[in-house]
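A.B. asks: Pasting a structure below so you can have a look.
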Amino acid sequence: MSVFEIKKSGTVYDAIIVGSGAGGGMAGYVLAHAGLNVLMLEAGPFFDPAKDAQQLKFSYESPRRGASTTRPFGDFDAAFGGWDLEGEPYTTKDGTKFDWFRARMLGGRTNHWGRISLRMGPKDFKSHDIDGLTDDWPITYEEVKPFYDKVDRLIGIYGTVENLENEPDGIFLPPPKPRLNELFIKKGAEKAGVKVIPGRGSVLTEALPGNKDRGVCFFCGQCGRSCKVYGDFSASSCLVIPAIKTGNLKVLSNAMVREVLTGPNGLATGVSYVDKNNLQEYEVKGKMVILGASAGESARLLLNSVSSQHPNGLANSSGVVGKYLHDSTGASLGGFLPQLLDRKRYNEDGVGSVHIYTPWWLDNKKLDFPRGYHIEYGGGMRMPSYGFGGGMENLNGLVPARDGSTREAGGFGASLKDDYRRFYGSQVGMAGRGTAIARADNYCEIDKDVVDKYGIPVLKFHYKWTNDEVKQAKHMQETFQSIMHEMGAIVTSKIHGPETNYGLEAPGRIIHEVGTVRMGDDPKKSALNKWCQAHDCKNLFVVDAAPFVQQGDKNATWTILALSMRTSEYILEQRKKLSV
Amino acid sequence: MKRRDSLKAIGLTALASGLLLDSCKEDATKTQQASVLQSPNGDNIGRQEFEIERDKKLHAETFFTKHEMATITVLADIIIPKDDKSGSASDAKVPEFIEFIVKDIPEHQLPMRGGLRWLDLQCTKRFNHAFVDCTNAQQIEMVTAIAYPLKAKPEMKQGVTFFNRMRDLTATGFFTSKMGIADIGYVGNSPNRWTGVPEDVLKQYGMENV
């Protein structure tokens, strides 16, 4: 009984997929619908938003009133996990910082994301010529466009046709109308020379043609909790659960993959994993292995899959695996609109994604930093939750009382109680999300000294912002202040200067990390070919954000979905030709 | 308050993260896999095992003494009293919320315990009684000395810091309760069809053509 045993299954699956988020979920969806016998391994529990979402709960249904004690985005948020997981550490080196967010659950981080669904544009795929700082993708926007179109139709996205050069339009459902605060923002931003357009989000503002399994958005504004009627996109509800229904996809949850196994010919033969429920070790076999474990975890898996054929880690003869890690930049500013004190109450929950946003609107040739950012906006009469009313002493002294008299900041009693009512719904906030340059010197590698609680060697990160990103954050802060000024808002958050890098968030905080297993035509400089197939191992594919060569200022999910669909269709074609 | 909680309070729910309020400087949460309390309605569907266990454990513990709870109750009702629109902080069970939240977010424990003690000492010096045993007028005098950060005397600074926290916790506890949500007039969290800002509101702010 005390013998350490690895259980080996006799079944050989057509494909083994590691991870069930946007990338793994899409691969599972396409391959299972094509009739392949697919096994999917997910490191967290099964999660079905229809049953498990905390949607429509009031704050008082949480003893901590929605505080972020155990879930980084609050008690009702749909992400199981966070930047720190008990027993699953990661490390950093040379005094640098990277915060690594992991959601362990079916559907991964797609259960809680902002559903902001932007296509990368022609200049994002081919950006080398802009300033020589970045490498081109081996593919163009035109090659990815048909897949973006198919993703739009399959999953649903709202937005408006704008004909902007580097912000390609999609096949859109109608966008939600702006809220009152957003009208103030739009007016102020336009005065400040900043264009504002309707948001683009994967929320069904109308029924999705041809889909009877998903309900229409009912405007609770709670996409972050994941949607019980499947009115928004989660990989769980929209991809994996439908794929399971084909009978061709089997999901193993709580299965933490250790490494990709390879045979004497160097090809992938399957994976080994530990069942988190009972710590039993397993090996499963497949004709191909598809990694969709996230940019960090897929790199970790490859680097931990060392064999005589792949001494440097699998798919890593080039040595690029782990390198070129990049997260979006982020900075933000908040305040309130004195005009909106004592505003009329009505339900303006809207959708849980953005109602409006600002695509990058300037020419970097005229600026002192190389790449742009988009701006996301928020504010309004939200459900009060933990943190509500915080810092009133910083607000109520800034404006006169109703009778015009001067108010003393702080206070207590009936007049204070009334202040909370006065200020409710007057707040506005904005946040920039920008392009960070992919650099070989920003990377993750295996920490030779540290393992997690399953004995799996962990990642060590090395990531530094440069002046390119800092100056971009400075520009964000200047823009935000100018918009706040033009809309007549009073800024209440800290105004960041050089001492805090202008509020530039630490790498990893925006949770858009990409680029660790990049694609390219040259096997010496890339790990994957343009189909996300490993140069060194033709039956190994990567379908998450790891293959990204250079992210634009666009959130990664829509591109992950399009690329994963493209790779999955390539796999089906190659199977016909019997080459994988 | 954590930065993400402030973000949520400001309505930036779609965003990943960001720093919006000056007063929020705490670091990232550690996701722990061991400590919880039963949610009030006993509904644990979609909760992780460690969260359920953690809630249970916290509910079984007591942090504040009876005297401290009595002080918190008096303070909370001074901060948010009953008026013609809604009840007081204690009517909305704010003291019970504060007892829970300091166990849930232990960073509150020392400043709360120490602050309550500071208050009692000040009151003993001034009035020869602990805060709860002072007259209402004495209590108001004491609170007035620490409730206005910009005009409080320098030697009251620790009291101001404590009272800011107490005010924040009271407001959060009250306005996230059923009574407080009705008071503030939040009418969402129910299925509807959002068709934009109502006409009369557009007109009120001259936003018809934006």
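The values are calculated or read from the model by the stated rules, or taken from the named source; none is laboratory data. Quantities reported herein were computed from a predicted structural model and do not represent experimental measurements. FYI the Cβ positions are ideal-geometry reconstructions off the backbone, even for glycines, and counts take in every protein chain you see.
A.B. asks: Take the residues in the stretch A:355-394 that are among the hydrophobic types (A, V, I, L, M, F, W, C) and touching a Ser or Thr at 6+ places or on another chain (Cβ under 7 Å); name whichever of them is surrounded by the fewest Cβ atoms within 10 Å (Cβ to Cβ).
C.D. replies: Step one: of the stretch A:355-394, the residues among the hydrophobic types (A, V, I, L, M, F, W, C) are A:356, A:360-362, A:367, A:369, A:375, A:381, A:383, A:388, A:392.
This time we only want the ones that are touching a Ser or Thr at 6+ places or on another chain (Cβ under 7 Å), so: A:375, A:383, A:388.
Working: A:Ile375: 27, A:Met383: 24, A:Phe388: 30.
The selected residue is A:Met383.
A.B. asks: Specify which of the listed residues (A:Ser353, A:Ser332) is modelled with pLDDT of 95 or more, within 23 Å of A:Glu486 (Cβ to Cβ) and facing chain B (nearest Cβ under 7 Å).
C.D. replies: Numbers: A:Ser353 fails: within 23 Å of A:Glu486 (Cβ to Cβ).
Selected residue: A:Ser332, the only one of A:Ser353, A:Ser332 that is modelled with pLDDT of 95 or more, within 23 Å of A:Glu486 (Cβ to Cβ) and facing chain B (nearest Cβ under 7 Å).
A.B. asks: Still on this structure, I have one more. Just to be sure, is A:Gly434 modelled with pLDDT of 95 or more, within 14 Å of another protein chain (Cβ to nearest Cβ) and in contact with a Gly (Cβ under 6 Å, 6 or more places away or on another chain)?
C.D. replies: Numbers: modelled with pLDDT of 95 or more: yes; within 14 Å of another protein chain (Cβ to nearest Cβ): yes; in contact with a Gly (Cβ under 6 Å, 6 or more places away or on another chain): no.
No: the conditions fail for A:Gly434.
A.B. asks: Hey, B:Ile98 hits all of (1) at pLDDT 55 or above; (2) more than 9 Å from chain A (Cβ to nearest Cβ); (3) surrounded by fewer than 24 Cβ atoms within 10 Å (Cβ to Cβ) but one; which does it fall short on?
C.D. replies: Unmet for B:Ile98, out of (1) at pLDDT 55 or above; (2) more than 9 Å from chain A (Cβ to nearest Cβ); (3) surrounded by fewer than 24 Cβ atoms within 10 Å (Cβ to Cβ): (3).
This table checks each residue for (1) of a type in the set (A, V, I, L, M); (2) crowded, with 24+ Cβ neighbours inside 10 Å; (3) closer than 27 Å to A:Ala32 by Cα.
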site	(1), (2), (3)
A:Pro176	no, yes, no
A:Gly188	no, no, no
A:Asn211	no, no, yes
A:Cys217	no, yes, no
A:Lys228	no, no, yes
A:Ser236	no, yes, yes
A:Leu239	yes, yes, yes
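A.B. asks: Sticking with this one: Out of A:Asp94, A:Asp99, which single residue is within 10 Å of chain B (Cβ to nearest Cβ), in contact (Cβ under 8 Å) with a residue 12 or more places away in the chain, out of contact with any Ser or Thr (no Cβ under 8 Å at 6 or more places or on another chain) and not in a helix (DSSP H, G or I)? Break it down stepwise before answering.
C.D. replies: Details: A:Asp94 fails: within 10 Å of chain B (Cβ to nearest Cβ).
Going through A:Asp94, A:Asp99 in turn, the sole match is A:Asp99.
A.B. asks: Could you tell me how many of the residues in the stretch A:6-35 are crowded, with 24+ Cβ neighbours inside 10 Å, of a type outside the set (S, T, N, Q) and part of a loop (DSSP other than H, G, I, E, B)?
C.D. replies: Selection size over the stretch A:6-35: 2.
A.B. asks: Name the residue, out of A:Gly389, A:Gly410, A:Gly378, that is outside any loop (DSSP other than H, G, I, E, B), touching a residue at least 12 places away in the same chain (Cβ under 8 Å) and at the interface with chain B (Cβ under 7 Å from one of its Cβ atoms). Spell out the reasoning first.
C.D. replies: Numbers: A:Gly389 fails: outside any loop (DSSP other than H, G, I, E, B); A:Gly410 fails: outside any loop (DSSP other than H, G, I, E, B).
After ruling out the rest, the residue left standing is A:Gly378.
A.B. asks: Restricting the search to the stretch A:529-580, which residues are within 30 Å of A:Ile157 (Cα to Cα), crowded, with 24+ Cβ neighbours inside 10 Å and out of contact with any helix residue (DSSP H, G or I) (no Cβ under 9 Å at 6 or more places or on another chain)?
C.D. replies: A:Asn555, the sole residue that qualifies.
A.B. asks: Out of (1) more than 14 Å from chain B (Cβ to nearest Cβ); (2) crowded, with 24+ Cβ neighbours inside 10 Å, the odd one out for A:Thr479 is which?
C.D. replies: (2)
A.B. asks: Can you tell me which residue among B:Val132, B:Val210 is within 28 Å of A:Gly391 (Cβ to Cβ), among the β-branched types (Val, Ile, Thr) and either at pLDDT 95 or above or touching a helix residue (DSSP H, G or I) at 6+ places or on another chain (Cβ under 9 Å) (or both)? I'd like the intermediate steps shown before the answer.
C.D. replies: Values: B:Val210 fails: within 28 Å of A:Gly391 (Cβ to Cβ).
Going through B:Val132, B:Val210 in turn, just one is within 28 Å of A:Gly391 (Cβ to Cβ), among the β-branched types (Val, Ile, Thr) and either at pLDDT 95 or above or touching a helix residue (DSSP H, G or I) at 6+ places or on another chain (Cβ under 9 Å) (or both): B:Val132.
A.B. asks: Quick one: would you say A:Asn555 is more than 14 Å from chain B (Cβ to nearest Cβ) and not small (Gly, Ala, Ser)?
C.D. replies: On the way: more than 14 Å from chain B (Cβ to nearest Cβ): no; not small (Gly, Ala, Ser): yes.
It is false that A:Asn555 is more than 14 Å from chain B (Cβ to nearest Cβ) and not small (Gly, Ala, Ser).
A.B. asks: Mind listing whichever residues of the stretch B:57-88 are assigned to a loop (DSSP other than H, G, I, E, B), more than 14 Å from chain A (Cβ to nearest Cβ) and either closer than 21 Å to B:Val160 by Cα or touching a residue at least 24 places away in the same chain (Cβ under 8 Å) (or both)? Before you say what the answer is, go through the steps one by one.
C.D. replies: Applying the first criterion (assigned to a loop (DSSP other than H, G, I, E, B)) to the stretch B:57-88 yields B:61-65, B:80-88.
Filter once more, keeping what is more than 14 Å from chain A (Cβ to nearest Cβ): B:62, B:64-65.
B:Thr62, B:Phe64, listed by residue number.
A.B. asks: Here's a check for you: in the stretch B:165-175, which residue that is touching a residue at least 60 places away in the same chain (Cβ under 8 Å) and touching a helix residue (DSSP H, G or I) at 6+ places or on another chain (Cβ under 7 Å) is surrounded by the most Cβ atoms within 10 Å (Cβ to Cβ)?
C.D. replies: B:Phe174
A.B. asks: Restricting the stretch B:183-210 to residues that are crowded, with 17+ Cβ neighbours inside 10 Å and part of a helix (DSSP H, G or I), which is farthest from the other protein chains (Cβ to nearest Cβ)?
C.D. replies: Here the answer is B:Asp183.
A.B. asks: I need a count of the residues in the stretch A:86-101 that are farther than 25 Å from A:Asn501 by Cβ and crowded, with 23+ Cβ neighbours inside 10 Å. I'd like the intermediate steps shown before the answer.
C.D. replies: So the first thing to find is which residues in the stretch A:86-101 are farther than 25 Å from A:Asn501 by Cβ, and the list is A:86-89.
Those still in the list that are crowded, with 23+ Cβ neighbours inside 10 Å too: none.
Number of matching residues: 0.
A.B. asks: Any residue in the stretch B:133-160 that is of a type in the set (Phe, Trp, Tyr) sitting within a Cβ distance under 6 Å of a residue that is part of a loop (DSSP other than H, G, I, E, B)? List the pairs, counting only those 6 or more apart or interchain.
C.D. replies: Going by the 6 Å Cβ cut-off, the qualifying pairs are B:Tyr148/A:Glu408; B:Tyr148/A:Gly410.
A.B. asks: Go through the stretch B:46-76 and give me each residue that's modelled with pLDDT of 95 or more, loosely packed, with under 15 Cβ neighbours inside 10 Å and over 29 Å from B:Gly115 (Cα atoms).
C.D. replies: Within the stretch B:46-76, none qualify.
A.B. asks: Right, here's the next one. Test each condition in (1) over 30 Å from A:Arg71 (Cα atoms); (2) within 14 Å of chain A (Cβ to nearest Cβ); (3) touching a residue at least 24 places away in the same chain (Cβ under 8 Å) for B:Trp118 and report the one that comes out false.
C.D. replies: (2)
Here's the yes/no breakdown for (1) of a type in the set (Val, Ile, Thr); (2) surrounded by 19 or more Cβ atoms within 10 Å (Cβ to Cβ):
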| position | (1), (2) |
| --- | --- |
| A:Leu459 | no, yes |
| A:Ala473 | no, yes |
| A:Ile483 | yes, yes |
| A:Gly488 | no, no |
| A:Thr500 | yes, no |
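A.B. asks: Right, another one. Which of (1) in a helix (DSSP H, G or I); (2) touching a Gly at 6+ places or on another chain (Cβ under 6 Å); (3) within 12 Å of another protein chain (Cβ to nearest Cβ) is the odd one out, the single condition A:Gly188 does not satisfy?
C.D. replies: (2)
A.B. asks: Restricting to the stretch A:140-165, name every residue that is touching a helix residue (DSSP H, G or I) at 6+ places or on another chain (Cβ under 7 Å) and buried (at least 18 other Cβ atoms within 10 Å of the Cβ). Even if it seems obvious, please write down each step before you answer.
C.D. replies: To start, the set of residues in the stretch A:140-165 that are touching a helix residue (DSSP H, G or I) at 6+ places or on another chain (Cβ under 7 Å) comprises A:140-141, A:144, A:147-148, A:150-151, A:155.
If the condition is that a residue be touching a helix residue (DSSP H, G or I) at 6+ places or on another chain (Cβ under 7 Å) and buried (at least 18 other Cβ atoms within 10 Å of the Cβ), then A:Tyr141, A:Val144, A:Phe147, A:Tyr148, A:Val151, A:Ile155 are the ones that fit.
Here is a yes/no grid of residues against (1) facing another protein chain (nearest Cβ under 7 Å); (2) in a loop (DSSP other than H, G, I, E, B):
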position	(1), (2)
A:Met40	no, no
A:Phe46	no, yes
A:Gln55	no, yes
A:Tyr60	yes, no
A:Arg65	yes, yes
A:Ser68	yes, yes
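A.B. asks: Here is a further query. Has the stretch A:127-136 got any residue that is in contact (Cβ under 8 Å) with a residue 12 or more places away in the chain, part of a loop (DSSP other than H, G, I, E, B) and in contact with a strand residue (DSSP E or B) (Cβ under 8 Å, 6 or more places away or on another chain)? So that I can check it myself, show each step before the final result.
C.D. replies: To start, the set of residues in the stretch A:127-136 that are in contact (Cβ under 8 Å) with a residue 12 or more places away in the chain comprises A:127, A:130-131, A:133-136.
Among the residues that remain, those that are also part of a loop (DSSP other than H, G, I, E, B) are: A:127, A:133-136.
Now narrow it down to the ones that are in contact with a strand residue (DSSP E or B) (Cβ under 8 Å, 6 or more places away or on another chain): none.
Among the residues of the stretch A:127-136, not one is in contact (Cβ under 8 Å) with a residue 12 or more places away in the chain, part of a loop (DSSP other than H, G, I, E, B) and in contact with a strand residue (DSSP E or B) (Cβ under 8 Å, 6 or more places away or on another chain), which makes the answer no.
A.B. asks: So, in the stretch B:44-56, exactly how many residues are acidic (Asp, Glu) and facing chain A (nearest Cβ under 8 Å)? Show your work before the answer.
C.D. replies: Taking the stretch B:44-56 and keeping what is acidic (Asp, Glu), we get B:49, B:51, B:53, B:55.
Next, only the ones that are facing chain A (nearest Cβ under 8 Å) stay: B:51, B:55.
Total satisfying the criteria: 2.
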